[in-house]
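*Asks:* Provided herewith is a single structure, encoded as structure tokens, for subsequent inquiry.
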Amino acid sequence: MTAFPRIPVAGPDVLPPLHVAIGADRAGQEYKDALGEYLHQHHLVASVLDVGVHLWTEEAYPQIAEAAARHVAEATVDRALLICHTGLGMAIAANKMSGVRAVTAHDSLSVRASVLSNNAQVLTFGAGIIGLTLAKQLAEEWLACRFDPAASAARKVLMIHDLERTGRTIPPPVS
Ligand SMILES: O=C[C@H](O)[C@H](O)COP(=O)(O)O
């Protein structure tokens, strides 16, 4: 297991701003709107793409997760932040999109590890699990984390990719 006191959180001057999709079902809409506004003003965010729900729409969480995850898979955004009542359904649905790694995380270590260890592009929150203040703090930490492709974690993320692609993990060559 990896500990993270050594987390490489770089200064804002060296981090490229991210293109972020945000989405929610009706249970997470209030958080989505507030977090979207927060992201919109954040110096580490280049753009915010709101995939719903909107006042005039009623999509269920799998539909919103699909829309956001598709943007991630097609690289029209770097990351997505999704909110439903628990965060769980959003993560399950987003993970069905090939190449997408989505996690539900409500604590600092898990949020940071989701990027640094798992290279997850999608983070989900439960509006019924954490308050908005904590959600903003966690989003702040999430934005400041970047996956290091040279880290030992990359080999394991590649195994996840192999598993998805072939149905099996492919052990790395013995060096
Ligand atoms: O994981 C699902 C979410 O929590 C969603 O907001 C609630 O889903 P439900 O309406 O199926 O309970």
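The values are calculated or read from the model by the stated rules, or taken from the named source; none is laboratory data. Because the structure is a prediction, the values reported are computed rather than measured. Neighbour counts run over all protein chains shown; Cβ positions are idealised from the backbone, glycine included. In case anyone asks, the SASA skips ligands and DNA or RNA and just uses the protein heavy atoms, side chains included. Shrake-Rupley method; radii C 1.70, N 1.55, O 1.52, S 1.80 Å.
*Asks:* Among the residues of region 75-95, which ones are open to solvent by 30 Å² or more (accessible area, probe 1.4 Å), more than 14 Å from the ligand (Cβ to nearest atom) and touching a residue at least 12 places away in the same chain (Cβ under 8 Å)?
*Replies:* Selection gives Thr76, Asp78.
*Asks:* Against the definition (within 16 Å of the ligand (Cβ to nearest atom) and either out of contact with any Leu (no Cβ under 7 Å at 6 or more places or on another chain) or part of a loop (DSSP other than H, G, I, E, B) (or both)), how does Ala67 come out, yes or no?
*Replies:* Answer is yes for this residue.
*Asks:* Can you tell me how many residues within region 122-142 are part of a loop (DSSP other than H, G, I, E, B) and open to solvent by 30 Å² or more (accessible area, probe 1.4 Å)?
*Replies:* Count: 3.
*Asks:* Would you mind stating whether Val53 is more than 14 Å from the chain's Cα centre (by Cα) and at pLDDT 95 or above?
*Replies:* Yes: the conditions hold for Val53.
*Asks:* Restricting to region 118-145, name every residue that is in contact (Cβ under 8 Å) with a residue 40 or more places away in the chain, among the aliphatic types (A, V, I, L, M) and over 15 Å from Leu18 (Cβ atoms).
*Replies:* Those that are in contact (Cβ under 8 Å) with a residue 40 or more places away in the chain, among the aliphatic types (A, V, I, L, M) and over 15 Å from Leu18 (Cβ atoms): Ala127, Ile129, Leu132, Ala135.
*Asks:* Separate question: Give the residue that is farthest from the chain's Cα centre (by Cα), with candidates limited to residues of region 143-155 that are in a helix (DSSP H, G or I) and surrounded by 15 or more Cβ atoms within 10 Å (Cβ to Cβ).
*Replies:* Selected residue: Ala153.
*Asks:* Please pick out the residue among Val72, Val115, Val111, Val100 that is away from the ligand (no atom under 15 Å from the Cβ), free of Cβ contacts under 8 Å to residues at least 60 places away in the same chain, outside any helix (DSSP H, G or I) and of a type in the set (Val, Ile, Thr).
*Replies:* Going through Val72, Val115, Val111, Val100 in turn, the sole match is Val100.
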